[in-house]
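Enquirer: Sharing a structure here in structure tokens format.
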Amino acid sequence: MKNIQSLSVGVFLALVQFAHGEISAQLAEASKPLIEGVPEVAVVRLQMLLKQNLSEPDWRAVAERLVQAMLAVNQSTDALQLLADARLRQSPSADFWRAQLLASSRREAEALPLYRQIAADNNSDLRMDALFGAAEMLRALGRTDEALQSFSALFRDPRWNVRAQLRAAELYLEKSDGVNARRLLEKVQPASIAEKKERHFLRGRLETVLHRPDRAIAIFESVLKNPEGATHETLTATLFALADAHLQLKTPETGDDALENFIEHRPSDVDLARIFAKLDELYRAEQKPSRAELERWTRDPAEPRRAFAQWYLARFDLRLGRRDRALEYFAALRRTHPQLPVLAAALLELAQLELEDRHFGEALKVLNEAISLRPESAVMDRAKALAAEIQYHAKQFDAATAAFEQIGHSDSTLASLAMFNAALSWLQKGDETRFLADAEEFENKSKDDKSGADLRLEAGLMEAAKGDGRATDSLRNFLRDFPGAERASEAWVALAELAFHATPPRIDEARKDLARAAESKPTATARERTDYLTIWLEDATSGSESKVIELTKRFIQQHESSSLIASVRMKLGEMYYRAEDFANAETQFELLAEQNSSGPFTERALFFAGESAMASMAAQSLDRALVLFDRVVHLNGELKWAARNEQAVIERKLGKPQDALVLYDEVLSGAARPGEKREAICGKGDISFELAASDPPQYQRAIEAYDKLASDKDAPAQWRNQALFKKGLCLEKKGDRAGALASFYAVLEEGARPERPHEFFWFYKAGFNASQLLEADAKWESAAAIYEKLAAAGGTRSDEARERLDRLRLEHFLRQE
């Protein structure tokens, strides 16, 4: 069956030419899963395409392709029924497909004359395909010499010569004829990764016959020297593995050759960014790296190689301290670079240099160019954050504040830092300049040492509060100049806070600074700040949950009038929640809401009180959670619709799906954010899925909800993939296994799109479910193809997929392609 499938894939180009116009593109798209090794999905798509109002030639082209896909999934009965259609009886290729079906049914003796009949027709477009099929039948019938003769007739055919030579070599190996096998293997030049893998396999057998098993490394090197046909992933993985090996052996000078050769011959490769980055890693490890190749590529107009060479030559020169030359290469890159998103990172590096040189206007222009390339989200966030930093340093505080807050309110990994910087910008917009100017003037005119010390301390504390890099020096200078100052303890606490808030936090240094504060006759302010910081220091220490709870309770008792109480009580509630003490967590959150009814924590406190009640096992806890979430809703804040969604979840737990549906509809008709509406759509689908256990028509309603969610082009990948996965479950429950497989497979296709951020949870669930469906139907080859996709994804379950793939190959004697 394996060989027949390969044969069928091989005739795709010969068949698709019969389709014309728009149907040709649709046929190619519908057939793509077959080429990718998952013919079950192709069957579903081609059947849908066949139902369209097609002209007879187009119908015949689609039908023949559908027969091919059906053949690949062993749907022989359906394929024969389709071949019986009068429109296909007049098709010149009908006998070919009948031969294919007979071959797939292991009726080689019946298939052989049909193949030979087609092969004898010099006018048939399928003549060579049929000749290969005939040779395969002869091989299966044990008529080795005749099979070799048929394969030999294909040695000069441009499309079949590689497959024919590989098959002939295999036959020679079966005859223990190592001489002829080696002759063919040395002669054959595979054009695809599958053929290369097969050649590797046959070479291994040859080495076994010749009692020389130690040739794996030579085969490996040949992949890089003769890469034709290997997948892009195989080549890059080989390059990186070789480079890493040389780095480990401390021979980077040798390891860079393969990378330079790859770049030389593939100046526009889609993965050139990673290749250059790895080459730069080798250059950094070399004692005397050569810049010759980089310089030569900068003079070659081939893109994007020239742009990357300019970028990495700039880095090269920066490492050598040649800043002016680096800026020249960056300038050249900026003038001529292609419009590739990946090059935005290079422009960010240039903008950073311009910022360091205090060329704020130029730095912002460079960043705008980087943003116009529409890079991936992580680079885009870095660009926006750097733009805000430039505006901050340029004293454009209004613009900086707005930019920092925009990032801070996003889900960016830089959100926390951006909000901190937004706070700094607000402080800068206050009276700091006047304060520092007046303080400096007062210190110059006044001879009051205590007042002068207090002003110096206030200046340092303000810098510390703003995160100014000068704060540490200012505070240490204050302690040096005024060692006996009454407020020295406050300076030590501020230094401890700076150490704690550093990136990464300097925990030990912070503890030492707090100890010095305790030795310096701490003021009431210093004691309060010390007790507060100690909570966070312990919270940053693994396994200190009980101690954090004790410290927060003590703080509340000892500093009941502190402005920090709300923050501390929020932390106490959080710690109880993390300890799964939901009753106490709920109590703390409710106390916070009551004591600070108009404070910034009120809405969050009520929301998390509801979450705590939901998680509690106590009687009536769900009813209490409903009330708490209702209070959140009436606050009409940012958590309103999230609270409604939580209420819907509770109603489902209480066995009231209709009440849950009403709540979800309210979210969908309200001013909820897109993410909250997606949750509601998904929730409605889930309810229909649950109701379908006793009311099967509900599966269709669930599918409609999941389809709506999956069609949301702006939805994050996890929502689209979840919807497609759950749709697949519905189809499976309805007995539509083919549709379920197609839905699961669509998740894998989403994950393969380079412009989409990768989402692994639903990706793997869909992939494993698809594979299990295929395995349950004994579709071993197709299941293996799915597992290969999962293993290559590089996520947390790739190893599991690889293990299943290896097991499948061993148990069912599948070849690795």
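The values are calculated or read from the model by the stated rules, or taken from the named source; none is laboratory data. What you see is a predicted model; the values in this text were computed from it and never measured. With ideal geometry, Cβ positions are generated from the backbone for all residues, glycine too; neighbour counts draw on all protein chains shown. Remember, those area values only see protein heavy atoms, side chains included, never the ligands or the DNA or RNA. Shrake-Rupley method; radii C 1.70, N 1.55, O 1.52, S 1.80 Å.
Enquirer: On the basis of being open to solvent by 10 Å² or more (accessible area, probe 1.4 Å) and either closer than 15 Å to Y115 by Cα or in a loop (DSSP other than H, G, I, E, B) (or both), does D157 make the cut?
Expert: yes
Enquirer: Hey, could you check the range 762-807 for residues that are more than 18 Å from E36 (Cα to Cα) and of a type in the set (A, V, I, L, M) and say which is modelled with the lowest pLDDT?
Expert: By that ranking, first place goes to A778.
Enquirer: Out of (1) closer than 25 Å to I681 by Cβ; (2) surrounded by fewer than 17 Cβ atoms within 10 Å (Cβ to Cβ), the odd one out for N596 is which?
Expert: (1)
Enquirer: Name the residue that is nearest to T587 (Cα to Cα), counting only residues in the range 544-561 that are in contact with a helix residue (DSSP H, G or I) (Cβ under 6 Å, 6 or more places away or on another chain) and of a type in the set (S, T, Y).
Expert: Per the criteria, the residue is T552.
Enquirer: Conditions first: (1) under 21 Å from H409 (Cα atoms); (2) assigned to a helix (DSSP H, G or I); (3) open to solvent by 30 Å² or more (accessible area, probe 1.4 Å). V632 passes all but one, so which condition is the exception?
Expert: Looking at each condition in turn, V632 falls short on (3).
Enquirer: While we're here: If you scan the range 278-293, which residues turn out to be hydrophobic (A, V, I, L, M, F, W, C) and in contact (Cβ under 8 Å) with a residue 12 or more places away in the chain? Step through it out loud before you land on a result.
Expert: First, the residues of the range 278-293 that are hydrophobic (A, V, I, L, M, F, W, C): 279, 282, 285, 292.
Correct list: L279, L282, A285.
Enquirer: Which residue out of D121, D177, D214 is of a type in the set (D, E, K, R) and modelled with pLDDT under 80?
Expert: Just a single option satisfies the conditions, and that option is D214.
Enquirer: Taking A485, is it touching a residue at least 12 places away in the same chain (Cβ under 8 Å), surrounded by fewer than 21 Cβ atoms within 10 Å (Cβ to Cβ), hydrophobic (A, V, I, L, M, F, W, C) and not in a helix (DSSP H, G or I)?
Expert: In short, yes.
Enquirer: Got a number for residues in the range 22-38 being open to solvent by less than 70 Å² (accessible area, probe 1.4 Å), closer than 12 Å to A72 by Cα and hydrophobic (A, V, I, L, M, F, W, C)?
Expert: The total comes to 2.
Enquirer: Also, I was wondering about something else. For the range 39-52, enumerate the residues that are open to solvent by 50 Å² or more (accessible area, probe 1.4 Å) and in contact with a Ser or Thr (Cβ under 6 Å, 6 or more places away or on another chain).
Expert: First, the residues of the range 39-52 that are open to solvent by 50 Å² or more (accessible area, probe 1.4 Å): 45, 47-48, 51-52.
Result: no residue meets the conditions.
Enquirer: Taking R382 as meeting all but one of (1) outside any helix (DSSP H, G or I); (2) under 24 Å from the mean Cα position of the chain (by Cα); (3) among the charged types (D, E, K, R), write down the number of the exception.
Expert: Of the numbered conditions (1) outside any helix (DSSP H, G or I); (2) under 24 Å from the mean Cα position of the chain (by Cα); (3) among the charged types (D, E, K, R), the odd one out for R382 is (1).
Enquirer: Right, next: Within the range 461-482, take every residue that is open to solvent by 50 Å² or more (accessible area, probe 1.4 Å) and among the aliphatic types (A, V, I, L, M) and give me the one that is farthest from R529 (Cα to Cα). Please lay out each step first, then the result.
Expert: First pass over the range 461-482, keeping only residues open to solvent by 50 Å² or more (accessible area, probe 1.4 Å): 462, 465, 469-470, 473, 476-477, 480-481.
Narrowing further to those that are among the aliphatic types (A, V, I, L, M): 462, 465.
On the way: M462: 15, A465: 13 Å.
Among those that are open to solvent by 50 Å² or more (accessible area, probe 1.4 Å) and among the aliphatic types (A, V, I, L, M), it is M462.
Enquirer: Do we have K288 as in a loop (DSSP other than H, G, I, E, B), charged (D, E, K, R) and over 24 Å from the mean Cα position of the chain (by Cα) here?
Expert: For K288, the condition - in a loop (DSSP other than H, G, I, E, B), charged (D, E, K, R) and over 24 Å from the mean Cα position of the chain (by Cα) - is met.
Enquirer: Given the criteria touching a Gly at 6+ places or on another chain (Cβ under 8 Å), open to solvent by 20 Å² or more (accessible area, probe 1.4 Å), at pLDDT below 90 and in a helix (DSSP H, G or I), does Y172 qualify?
Expert: On the way: touching a Gly at 6+ places or on another chain (Cβ under 8 Å): yes; open to solvent by 20 Å² or more (accessible area, probe 1.4 Å): yes; at pLDDT below 90: yes; in a helix (DSSP H, G or I): yes.
In short, yes.
Enquirer: Please go through the range 261-276 and give me each residue that is part of a helix (DSSP H, G or I), surrounded by 17 or more Cβ atoms within 10 Å (Cβ to Cβ) and either of a type outside the set (V, I, T) or under 25 Å from the mean Cα position of the chain (by Cα) (or both), ordered by number.
Expert: Answer for the range 261-276, where residues must be part of a helix (DSSP H, G or I), surrounded by 17 or more Cβ atoms within 10 Å (Cβ to Cβ) and either of a type outside the set (V, I, T) or under 25 Å from the mean Cα position of the chain (by Cα) (or both): F262, L272, A273, I275, F276.
Enquirer: Which of the residues spanning the range 296-306 are open to solvent by less than 50 Å² (accessible area, probe 1.4 Å) and within 20 Å of D324 (Cβ to Cβ)?
Expert: T298
Enquirer: Then there's this: Suppose we filter the range 53-73 for residues that are open to solvent by 60 Å² or more (accessible area, probe 1.4 Å) and closer than 18 Å to K32 by Cα; how many remain?
Expert: Matching residues across the range 53-73 total 0.
Enquirer: Counting just the residues of the range 390-407 that are crowded, with 20+ Cβ neighbours inside 10 Å and closer than 16 Å to K466 by Cβ, which one comes out modelled with the highest pLDDT? Don't jump to the end; show me each part of the working.
Expert: So in the range 390-407, the residues crowded, with 20+ Cβ neighbours inside 10 Å come out as 390-392, 400-401, 403-404, 407.
Filter once more, keeping what is closer than 16 Å to K466 by Cβ: 391-392, 400-401, 404.
Working: Q391: 91, Y392: 85, A400: 84, T401: 79, F404: 79.
Looking at residues that are crowded, with 20+ Cβ neighbours inside 10 Å and closer than 16 Å to K466 by Cβ, I get Q391.
Enquirer: Also, I was wondering about something else. Scan the range 762-811 for residues that are crowded, with 20+ Cβ neighbours inside 10 Å, touching a helix residue (DSSP H, G or I) at 6+ places or on another chain (Cβ under 8 Å) and among the small types (G, A, S) and jot them down.
Expert: The answer is A766, G767, A770, S771, S782, A783, A784, A791, A801.
Enquirer: Across the range 580-595, which residue is farthest from Q620 (Cα to Cα) among those that are small (G, A, S) and more than 36 Å from the chain's Cα centre (by Cα)?
Expert: Filtering first and then ranking leaves A593.
Enquirer: In addition: Of all residues in the range 294-309 being in contact (Cβ under 8 Å) with a residue 24 or more places away in the chain and of a type outside the set (A, V, I, L, M), which is nearest to L348 (Cα to Cα)?
Expert: Result: F308.
Enquirer: Ok, one more. Looking at (1) surrounded by 15 or more Cβ atoms within 10 Å (Cβ to Cβ); (2) under 18 Å from V44 (Cβ atoms), which one does S104 not meet, given that it meets all the others?
Expert: Of everything listed in (1) surrounded by 15 or more Cβ atoms within 10 Å (Cβ to Cβ); (2) under 18 Å from V44 (Cβ atoms), S104 misses just condition (2).
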